[in-house]
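Read-outs throughout are calculated quantities, based only on the coordinates presented, and are distinct from any laboratory measurement. The structure displayed is predicted, hence computed values, not measured ones. Positions of Cβ are backbone-derived with ideal geometry, glycine not excepted, and every protein chain shown enters the neighbour counts.
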Amino acid sequence: MGNKFRLTVEENIFIAKRNIVDYIWKSANLEGINVTFPQTYAIIEKSKVSGVDVEDILKITNLKHAWQMLFDTINKPLDLDYICRIHAEVARDDAPMRGKLRTGAVYISGTDYVPSVPSEKSANAMLEELKKTENPTERAIETMFRLMKAQLFWDGNKRTAMLAANKIMMQNGCGIISVPNEYLEEFNEILCDYYTNDTLEKAMRFVYDKCIDGIDFRLQEQPEKEKRQSEEPEENQGITMS
């Protein structure tokens with residue numbers, strides 16, 4: 001599993017900022033936040049919006065703040081403290097729980113899987129294990145799924161996990177992980193299968209094939225180079241030096 005895109009950090013952040021409304025909208029839909037793209041745009045731009053619950057408006061706004069934190073701290077290491085900081089932004093309005101590891105049992109609808117109660121030791125051990133995956137795209141996708149399955153927090157685990165994964169992607173110029181709406185149902189089915197049967201490889205392949213967004217700037221530059229070469233005088237082409 002190689003890198004689908006080879007961008008600079010600056011190029012990757014440019015892409016993320018350029019498409020931030022789309023990424024937030026899709027991330028919200030992934031967690032069942034029922035908003036349209038125009039409603040998401042209005043919320044992010046602090047415009048008036050109707051037909052959206054106040055709680056959902058806050059979740060969209062918090063995702064915006066979380067993305068901004070990623071941009072501002074792109075060079076910080078992705079350790080447990082940082083993941084807790086992401087969650088603190090995602091769950092900004094849940095004061096008692098924000099940025100703190102879950103301390104009791106949770107159950108996931110659609111599956112019999114019951115995640116164990118996390119601890120700093122178990123979470124740090126998982127993150128250390130993930131560092132052994134050398135390819136950054138593969139490491140980002142695996143990190144996302146492992147964090148989702150670990151359910152480190154009471155709520156907002158999918159949003160937190162995807163943001164953590166995209167920090168890895170941007171740090172390494174690998175594009176952005178985003179689940180297109182047409183694959184949302186299939187993604188949730190694959191995620192439930194992963195929870196129940198530990199089908200990590202299948203889940204990772206799905207995301208790699210269908211859920212990575214980016215722009216290949218180098219391919220766009222190539223035609224310009226070819227155009228310049230074709231415009232050179234014939235006597236300047238094909239000259240070799242002896």
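Of the set (1) crowded, with 18+ Cβ neighbours inside 10 Å; (2) within 22 Å of ASP155 (Cα to Cα); (3) in contact (Cβ under 8 Å) with a residue 60 or more places away in the chain, all apply to ALA16 but (2).
Are any of the residues in region 114-137 touching a helix residue (DSSP H, G or I) at 6+ places or on another chain (Cβ under 9 Å), among the acidic types (Asp, Glu) and surrounded by fewer than 17 Cβ atoms within 10 Å (Cβ to Cβ)? Yes, that holds for at least one residue.
Take the residues in region 194-209 that are surrounded by 15 or more Cβ atoms within 10 Å (Cβ to Cβ) and not hydrophobic (A, V, I, L, M, F, W, C), then tell me which one is nearest to ASN135 (Cα to Cα). The extreme case among them is TYR208. In this entry, ILE74 is excluded by the filter for residues that are surrounded by 18 or more Cβ atoms within 10 Å (Cβ to Cβ), β-branched (Val, Ile, Thr) and farther than 26 Å from THR196 by Cα.
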